[in-house]
1. Can you list the lysines whose alpha carbon sits under 23 Å from that of LYS250, skipping same-chain ones fewer than 8 residues off?
2. What FRET efficiency comes out for the pair MET229/GLU292, r = Cβ-Cβ distance, R0 = 22 Å, nearest 0.05?
3. In what order, largest first, do THR78, THR121, THR194 sit by accessible area if the probe radius is 1.4 Å?
4. Taking amide hydrogens as modeled 1.01 Å from N in the peptide plane, which residues meet the under 5 Å criterion relative to ASP183, leaving out close sequence neighbours?
5. Using all Cα-Cα distances in region 117-159, what percent lands in each 5 angstrom bin from 0 up to the longest?
6. Want the number for GLU179 to ARG155: 0.36 nm per residue separation, take away the alpha-carbon distance, what's left?
7. Given labels modelled 7 Å from the Cα in the Cβ direction, how far is it in nm from SER82 to GLU311?
8. Please find the FRET efficiency linking ALA100 to GLN202, where r is the Cβ-Cβ separation and R0 is fixed at 22 Å, and quote it to the nearest 0.05.
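The values are calculated or read from the model by the stated rules, or taken from the named source; none is laboratory data. Since the structure is predicted, the reported quantities are computational estimates derived from the model, not experimental observations. Note that each Cβ is placed from the backbone with ideal geometry, even for glycine, and that neighbours are counted across all protein chains shown. All accessible areas refer to the heavy atoms of the entire protein, side chains included, with ligands and DNA or RNA removed. Shrake-Rupley method; radii C 1.70, N 1.55, O 1.52, S 1.80 Å.
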Amino acid sequence: SRHGQRVLGRRATCALSAVAVAVYVGSTLCPSFCAAWLWCPASVSPQLSETPQRRARLARLARLPCAAEGKVPAERPTPPNSANMMIQQAAEAAVSAYRAGILRQSVRLRWELVCDPVKKTEGGMEVFLSETLAMAKSFTEALQLPGGAPMREVRVTAADEVGVVSGDVGMLLYRISEEAWQDAAVLYLAGRTTVLQNSVAQFISGMKERLVVLLNSEDAASAWRIEAMGRDCSPGQDGRALLAYCDEFKEESYYLRLFVIKGRPALLFRAYPHPWEVWVENLQGDAVRLMESDQKIFAGDMEKAVLAYEEVQG
């Protein structure tokens, strides 16, 4: 079945200007329309477990042709210089990780490539969402398995029933494939308030062995980071539940973020299965890889690497 029984869910709340949105997830109409993401009980599945159906689907996934079969292995990627290149790199990294059995992932795109930071500062999260949603949709569309079934469409719905009360504008982008087991879901700008809703946890559980990506959650209004391991909860929020998300989505298959360290721009970059890297520009304007690590590189180590580089360069 397509995600248990796919449910036609609707949301019509004042949180997002009373916009009614619908997600097609089957042929059953959920009886209630008073909140976002109301999934019928039949659509809620237990946590991932070894079942004959799951083993069969994973076996089908393993039989899909690899993009690299019969070809020279792809070169190690370098930080992209355009939004299109970034989106393609990110999708390839996510698909590669999924092919390796990583069903839950986090991705961080450098949104400044498509949106002026001033617009986010002055216009708030709703303007930020309108400026960057096309980027998230392009990423979702690009999650094509090599040799897999064609995509039918990507459907988009608001994910946060609290909406502007929390400031979160999280969105669900659901990629529908010709083969139901190859569907994928992307939760964009899903902050703490969004992911701690029971409906979201039920939806992710119901995705079973399908790919689910948390996209740019650290840029949400109620931002949170994987490495914080639930410690960035607000008072009254369930830190244990957020910790569970951090553990489940701990694989950051793609990450691109610009930092400014001692006045020098530096990029933190990672594309699965390659290491984490720090890049800067030299005096000639060429990109230089300063350091790499199998583990995520944090600001303190980045600063040390930049200062050491500047000392060598004089």
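1. LYS137, LYS208, LYS296
2. On the way: r = 23 Å, r/R0 = 1.07.
The calculated FRET efficiency here is 0.40.
3. Details: THR78 70, THR121 115, THR194 0 Å².
Descending accessible area places them as THR121, THR78, THR194.
4. SER177
5. Here the calculated profile for region 117-159 is 5, 18, 22, 18, 15, 10, 6, 5, 1.
6. On the way: separation 24, 0.36 × 24 = 8.64 nm, distance 1.58 nm.
Length gained, GLU179 through ARG155: 7.1 nm.
7. 4.0 nm
8. Numbers: r = 26 Å, r/R0 = 1.20.
My answer for the efficiency is 0.25.
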